[in-house]
Amino acid sequence: MMCILPQGKLCRSIWKGLALGALLTSFLILLYSYAMPPLSLSSTENPVAFSCSPAIHESSRSTTNSTSKNTQNCTPRHNLMFLKTHKTGSSTILNILFRYGEKHHLRFAFPRGRNDFGYPEYFQRWQVEGYRPGVCFNMICNHMRFQHSEVTTLLPSDAVYVTVLRDPALLFESSFQYFGRAVPLTWSLPGSGNEQKINTFLRSPLSYYDPGGFNAHYLRNLLMFDLGYDNDLNAKDPMVGQVLEELDRRFHLVMLLEYFDESLLLLRDLMCWDMDDILYFKLNARKDSNNSRLNSTMYRLAQEWNALDTLIYHYFNNTFWKRVENYGTERMKRDVMELRRRNEALKQECIAGGGPVDANKIKESGLQPWQPLGEHFIVGYNLQKDISPQHRQLCRNMLTPEIQYMSKLGADLWLTQLWGNIRAVLKW
């Protein structure tokens, strides 16, 4: 690469930054490798067949849903695998699960030293903090690249499997904006901002995309990748049908971000939880995230480029509405209104100013969300000063970002915290 003034200083600065970044990354990988114990399986161990019974047994209780005509008798379920997909509102769901697990003293399978399970590599059971053959957990819910055979070894046989999807075109846009600086493929794209770069990319994606490029998975069929499959598979390949059938068998519920409240109510119904268990505030949201900048042409191109994700989304959109029909359409409408009413009441009591603020306006470090590399566009909240004693802890928990909540629950995030400190020093 040749650098000619006046750009020479800029080029040298970029190369120095890349060299420093590579050095730091190598250092972190070295530290992480020392923290990972080798996986040692004895010849007598069967990684699938060992007994993993539910850790918590509770007697059945009668739950009456005020919007339902019938009284339903069921037992709350505590064993859950939530596949946390990227840029799908999953951080908000994670907060719900953390609160439920803390309330009922459930055992979480947390990653060793960090807040994801070695992503983007496939999940391996030894990545779980405290793993040993035969150990059992109630919940697994941090980012991973899903590997069903490994996950099942850590959960009771009655565990519920859940994930969440998002409109693939909007997911691509969000992923491009959030991860762009961490994907070298985007650096050479012409344009002064993300909107221009996205348009350029979508008009001729194969001119820029390299499936073997670093972090390239963020730019194509990210749902397919997170679910554990080949995200560069041809959409017309017969194997795609097998993937859809396999996902349908493995997941008890596939939620949709576009119908978030309905999804939470289906989760509540499946798990036999209370309405209070699924109250939420929107977390880890990008500023102006509700306003897509994709015009109709770019939206269509984004769907075509993410054809596998589009097939998955359409398939589970159909199954979703069948579930809503079984739930009861009128019942769903009433329950959505009730959930929103309760959320709004808590919003007024918990959140100073009634809504999210820019990161630089968040007063408590414990409420500061993690920001993407080189950006500060993830908004957060300030806690209201005068909160009723009965809701004080609930409000704080509902506003606590993922990293801080994991630490509160006892996760050892030394590697994530080290990386955060390095970024703070370098102002990345």
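Some points to look at:
- Spatial offset of the range 110-161 relative to the range 310-331 amounts to 28 Å, using the alpha carbon center of each.
- Basic side chains Lys and Arg get +1 at the Cβ, acidic Asp and Glu get -1 at the Cβ, and with that the dipole of the range 276-370 about its Cα centre reaches some 200 debye.
- Cβ-placed point charges (K, R +1; D, E -1), dipole of the range 71-115 about Cα centre in debye, nearest 20: 180
- Across the range 99-164, C-alpha contacts under 8 Å between residues 6 or more apart give a mean separation that, scaled by the residue count, equals a relative contact order of 34 percent.
- Net charge dipole size for the range 98-230 [Lys, Arg +1 and Asp, Glu -1 on Cβ; Debye, nearest 20]: 280
- Restraint check, 103/408; 87/282; 84/287; 282/408, Cα-Cα greater than 18 Å: 84/287; 282/408
- Solvent exposure, largest accessible area first (probe 1.4 Å, DNA, RNA and ligands not counted), of 210, 232, 226: 210, 232, 226
- For the range 141-151, backbone phi angles converted through the Karplus equation (6.51, -1.76, 1.60; θ = phi - 60°) give residue-by-residue couplings of 8, 8, 3, 7, 9, 4, 9, 4, 4, 7, 5 Hz, Gly and Pro being listed as x.
- Positive-end residue of 273, 214, 259, charge dipole of the range 173-278 with Cβ unit charges: 214
- Along the range 166-181 the Karplus relation, 6.51 cos²θ - 1.76 cosθ + 1.60 evaluated at θ = phi - 60°, assigns HN-Hα couplings of 9, 2, x, 5, 6, 5, 4, 4, 5, 5, 4, 6, 6, 9, x, 5 Hz to successive residues, with x for each Gly and Pro.
- Extension gain for the segment residue 357 to residue 419, taken as residue separation times 0.36 nm less the Cα-Cα distance, is 19.9 nm to one decimal.
- Share of pairwise Cα separations in the range 117-168, more than 15 Å, in percent: 47
- Distances between placed amide hydrogens fall under 5 Å for residue 256 paired with 165, 263, all partners being 5 or more residues away or on another chain.
- Report note on the peptides 96-109, 169-182, 233-246, 121-134: ranked by the mean count of other C-beta atoms within 10 Å, highest first, their order is 169-182, 96-109, 121-134, 233-246.
- Around the amide H of residue 160, modelled in the peptide plane, lie the amide H atoms of 79, 80, 81, all under 5 Å away and 5 or more residues distant in sequence or on another chain.
- Across the range 337-345, coupling constants 3J(HN,Hα) worked out from phi with the 6.51/-1.76/1.60 Karplus curve, θ = phi - 60°, read 4, 5, 4, 5, 5, 5, 4, 5, 4 Hz, and Gly and Pro carry x.
- Between residue 368 and residue 182, the C-beta separation translates, for a Förster distance of 25 Å, into a calculated FRET efficiency of about 0.80.
The values are calculated or read from the model by the stated rules, or taken from the named source; none is laboratory data. Predicted, not measured: the structure shown is a model, and the values here were computed from it. Neighbour counts are summed over all protein chains in view; Cβ atoms, including those assigned to glycine, are modelled from backbone coordinates with ideal geometry. Just so you know, the surface numbers come from the protein's heavy atoms only, side chains and all, with ligands and any DNA or RNA stripped out. Shrake-Rupley method; radii C 1.70, N 1.55, O 1.52, S 1.80 Å.
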